[in-house]
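Following: one structure in structure tokens, then a few remarks.
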Amino acid sequence: MMRNFFIHISNNEFLNNQAKKWGFFLGADKFIAGTTIQNVSKAVKQLNATGISCTLDNLGEFVLDKTEASKAKDKILSLLEAIEHENMDCHLSVKLTQLGLDIDQDYCILNMTEILDLAKKYNIFVNIDMEDYAHYEQTLTILKYLRKNYTNVGTVIQAYLYRSEDDLMDLKDVRIRLVKGAYKEDAKVAFQNQQEIDDNFLRLCKKRLLDGAFTSFATHDHHIIDELKNFVKENNLDQECFEFQMLYGFRNDLQSKLAKEGYHFCTYIPFGDDWFGYFVRRLAERPQNLNLVIKDAFYT
Ligand code: FAD
């Protein structure tokens, strides 16, 4: 019930707008690396110094206004300039609904093309985050269209969807981030039971490893991470074919432990003032995060 409540308020327009005005509260700064490119570049450099690469997300989604979508695109272009000129070890994560998917598909593609042109020039990979199922088909269509001209673009597959295995088969040559899935989806399209989702996630991870296609395993679940580490050793698989990913501010000890053990590790760093939806979805995934929030509200 708590999960549904948080997911429900994550896209509440009023709360999202208020949060932009008020700035960080509820301890959101533990999970979001500030609002500016300067803030985020500091966080990247600290992680890079410990052998961890990063992927940057300029927060924002479900944009319905061209001025706002265009502003987001410009900020992402500036971010690419910063990555290149400050020599940061990182790539980009973008959301198509921030770049105008709900306004006009062609306009969104145009924005993506501008981003990918600059990213290609600087040899930077751009990952398209996967949003809710209502945008799934369109996201894959746009990805396939963009892949005709760009190899530096990939996306995310959510293991809670029944169709995830078929989609992965179709994306064998594409760099993919595999996740369990963060949205509330209907039983017609997605597993509802956590064990079924975990089992499918692990099965798909192993399949990608055997296929040798580069994959980012994005999970904080140490049971799954341990099982994957064993699977890689037992099958003598190449460590260059995968990386682990986790979100900024989550399980920091485990993040540095994996990097120290020699695994490729990448931290997903969100930044920007449009933080509310992202933050509340993290509370939905793990209500224990609420403890941190409550402690923060009362003891700081
Ligand atoms: P869960 O299934 O939430 O937890 C499993 C177990 O792991 C828990 O029972 C606990 O034992 C342990 N655990 C988990 N978190 C913690 C913690 N903080 N501290 C201690 N133990 C913990 N979703 C999308 O739909 N689209 C995306 O584009 C997307 N991108 C993502 C990118 C990254 C880098 C990551 C990490 C996630 C992304 N997600 C995305 C979210 C993802 O789909 C899951 O909702 C989210 O990762 C929660 O699942 P989990 O596998 O991390 O662990």
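The values are calculated or read from the model by the stated rules, or taken from the named source; none is laboratory data. Note that the coordinates shown come from a computational prediction; the quantities given were computed from them, not determined experimentally. Counting neighbours? That spans all protein chains shown, and the Cβs are built from the backbone with ideal geometry, glycine included.
Considering (1) surrounded by fewer than 17 Cβ atoms within 10 Å (Cβ to Cβ); (2) over 27 Å from L56 (Cβ atoms), say which one L202 fails and leave the rest.
Looking at each condition in turn, L202 falls short on (1).
On the given criteria, is I115 in contact with a Pro (Cβ under 6 Å, 6 or more places away or on another chain) and either at pLDDT below 95 or crowded, with 21+ Cβ neighbours inside 10 Å (or both)?
Against the criterion (in contact with a Pro (Cβ under 6 Å, 6 or more places away or on another chain) and either at pLDDT below 95 or crowded, with 21+ Cβ neighbours inside 10 Å (or both)), I115 does not qualify.
Is it true that D198 is out of contact with any strand residue (DSSP E or B) (no Cβ under 7 Å at 6 or more places or on another chain) and within 16 Å of the ligand (Cβ to nearest atom)?
yes
Which residues, taken from the stretch 59-94, are assigned to a loop (DSSP other than H, G, I, E, B) and without any contact (Cβ under 8 Å) to a residue 24 or more places away in the chain?
Scanning the stretch 59-94 gives a single hit, N87.
If you go through the stretch 1-58 one residue at a time, how many are part of a helix (DSSP H, G or I), at pLDDT below 80 and not aliphatic (A, V, I, L, M)?
14
Testing G212 on (1) away from the ligand (no atom under 16 Å from the Cβ); (2) modelled with pLDDT under 95; (3) within 17 Å of the chain's Cα centre (by Cα), one condition comes back false. Which one is that?
Condition not satisfied by G212: (3).
Taking K121 and the conditions (1) at pLDDT 95 or above; (2) under 30 Å from K66 (Cβ atoms); (3) buried (at least 18 other Cβ atoms within 10 Å of the Cβ), which numbered condition does it fall short on, given that it satisfies the others?
Single failed check for K121: (3).
Might you let me know whether the stretch 167-181 holds any residue that is in the same structural domain as E61 (by TED's automatic domain parsing), within 30 Å of S78 (Cβ to Cβ) and among the small types (G, A, S)?
Initial filter on the stretch 167-181 (in the same structural domain as E61 (by TED's automatic domain parsing)): 167-181.
From what's left, within 30 Å of S78 (Cβ to Cβ): 171, 174-179.
Imposing the further condition that a residue be among the small types (G, A, S) reduces the set to none.
Scanning the stretch 167-181, I find no residue that is in the same structural domain as E61 (by TED's automatic domain parsing), within 30 Å of S78 (Cβ to Cβ) and among the small types (G, A, S), so the answer is no.
R147 - would you say it is of a type outside the set (A, V, I, L, M), crowded, with 16+ Cβ neighbours inside 10 Å and free of Cβ contacts under 8 Å to residues at least 40 places away in the same chain?
yes
Find the residue count for the stretch 158-170, including only residues that are within 14 Å of the ligand (Cβ to nearest atom) and surrounded by 19 or more Cβ atoms within 10 Å (Cβ to Cβ).
Selection size over the stretch 158-170: 5.
Every residue in the stretch 264-300 that is under 16 Å from H220 (Cβ atoms), surrounded by fewer than 19 Cβ atoms within 10 Å (Cβ to Cβ) and at pLDDT 80 or above, please.
Once the filter is applied, which keeps residues that are under 16 Å from H220 (Cβ atoms), surrounded by fewer than 19 Cβ atoms within 10 Å (Cβ to Cβ) and at pLDDT 80 or above, the stretch 264-300 yields only R281.
Can you tell me which residues in the stretch 96-133 are within 16 Å of the ligand (Cβ to nearest atom) and in a helix (DSSP H, G or I)?
Residues satisfying the conditions are L96, T97, Q98, L99, M112, Y133.
Yes or no: F217 surrounded by 20 or more Cβ atoms within 10 Å (Cβ to Cβ), within 10 Å of the ligand (Cβ to nearest atom) and in the same structural domain as R163 (by TED's automatic domain parsing)?
It is true that F217 is surrounded by 20 or more Cβ atoms within 10 Å (Cβ to Cβ), within 10 Å of the ligand (Cβ to nearest atom) and in the same structural domain as R163 (by TED's automatic domain parsing).
Just a yes or no: is a residue in the stretch 35-53 under 25 Å from A259 (Cα atoms), among the basic types (K, R) and assigned by TED's automatic domain parsing to the domain that holds M88? If you could, list the steps in order and put the result at the bottom.
Going through the stretch 35-53, the residues under 25 Å from A259 (Cα atoms) turn out to be 37-53.
Subsequent filtering for residues that are among the basic types (K, R) retains 42, 45.
Checking which are assigned by TED's automatic domain parsing to the domain that holds M88 leaves us with 42, 45.
So far as the stretch 35-53 goes, yes, one or more of its residues are under 25 Å from A259 (Cα atoms), among the basic types (K, R) and assigned by TED's automatic domain parsing to the domain that holds M88.
Restricting to the stretch 246-276, name every residue that is within 9 Å of the ligand (Cβ to nearest atom) and among the basic types (K, R).
Within the stretch 246-276, just R251 meets the criteria.
Kindly evaluate E137 against the criterion of being part of a helix (DSSP H, G or I) and free of Cβ contacts under 8 Å to residues at least 60 places away in the same chain.
Details: part of a helix (DSSP H, G or I): yes; free of Cβ contacts under 8 Å to residues at least 60 places away in the same chain: yes.
Yes: the conditions hold for E137.
I'd like the full set of residues that are outside any helix (DSSP H, G or I) and closer than 14 Å to H222 by Cβ, limited to the stretch 254-263.
Correct list: E261, Y263.
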